Amino acid sequence: MYRVLLPVDTNESRARAQSETILELPVAAGDITVDVLHVYENVSTNDPQWAAGEEFTESFDEEMAETVRTTDRIPSSVETAVDLFESSDYEFTVHERRGEPAVEILEFAAGQDSDMIILGISRRSPVGKVLFGSVAQAVILESDRPVMVVPELSSES
């Protein structure tokens with residue numbers, strides 16, 4: 001099974017481009033699993049691991065994975081990705097984490113043993129193309145697995 005991590009921010013155009021890239025991979029739908037991940041920055045909540053211990057955290061994470069789409073806090077960009085995968089035969093799961101996006105993406109990829117990370121980036125001017133965004137740059141430089149960078153769809157697409 002080939003496992004792809006799809007970190008999705010709040011940009012719907014990037015989420016669509018990332019998802020369509022996965023759907024175009026030369027891998028049969030039954031041979032791929034997609035982890036759609038959204039990371040919330042600066043969310044101030046209690047840490048369940050600290051409050052209740054490691055075993056509670058594992059069951060809490062599992063319950064959250066099951067109910068993540070029923071909450072109002074999931075951005076429309078995640079729904080865009082989910083809609084594309086639901087209309088295909090691809091197996092996918094939606095996950096959410098909180099913290100520093102680059103750190104959380106890398107930790108999640110390691111924890112799930114992802115085979116590839118597919119990052120979305122903004123279209124930039126010729127000068128801006130020299131540098132990626134800070135999250136994308138950190139993931140590219142720190143990842144120990146392949147990272148595919150996908151530009152967001154232009155308005156003509």
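Restricting the search to the stretch 1-22, which residues are in contact with a Ser or Thr (Cβ under 6 Å, 6 or more places away or on another chain), more than 14 Å from Ser77 (Cα to Cα) and touching a residue at least 60 places away in the same chain (Cβ under 8 Å)?
Arg3, Leu5
Go through the stretch 76-119 and report how many residues are open to solvent by less than 20 Å² (accessible area, probe 1.4 Å) and outside any helix (DSSP H, G or I).
Summing the residues that are open to solvent by less than 20 Å² (accessible area, probe 1.4 Å) and outside any helix (DSSP H, G or I) in the stretch 76-119 gives 5.
Of the residues that make up the stretch 39-57, is at least one at pLDDT 90 or above and surrounded by 10 or more Cβ atoms within 10 Å (Cβ to Cβ)?
The answer is yes, given that some residue of the stretch 39-57 is at pLDDT 90 or above and surrounded by 10 or more Cβ atoms within 10 Å (Cβ to Cβ).
The values are calculated or read from the model by the stated rules, or taken from the named source; none is laboratory data. As the structure is a computational prediction, the values presented were derived from the model and not from experiment. Because the Cβ atoms are built from the backbone with ideal geometry, glycine has one as well, and the counts that use them run over all protein chains shown. Each accessible area value is taken on the protein alone, full model and side chains, heavy atoms only, with ligands, DNA and RNA left out. Shrake-Rupley method; radii C 1.70, N 1.55, O 1.52, S 1.80 Å.
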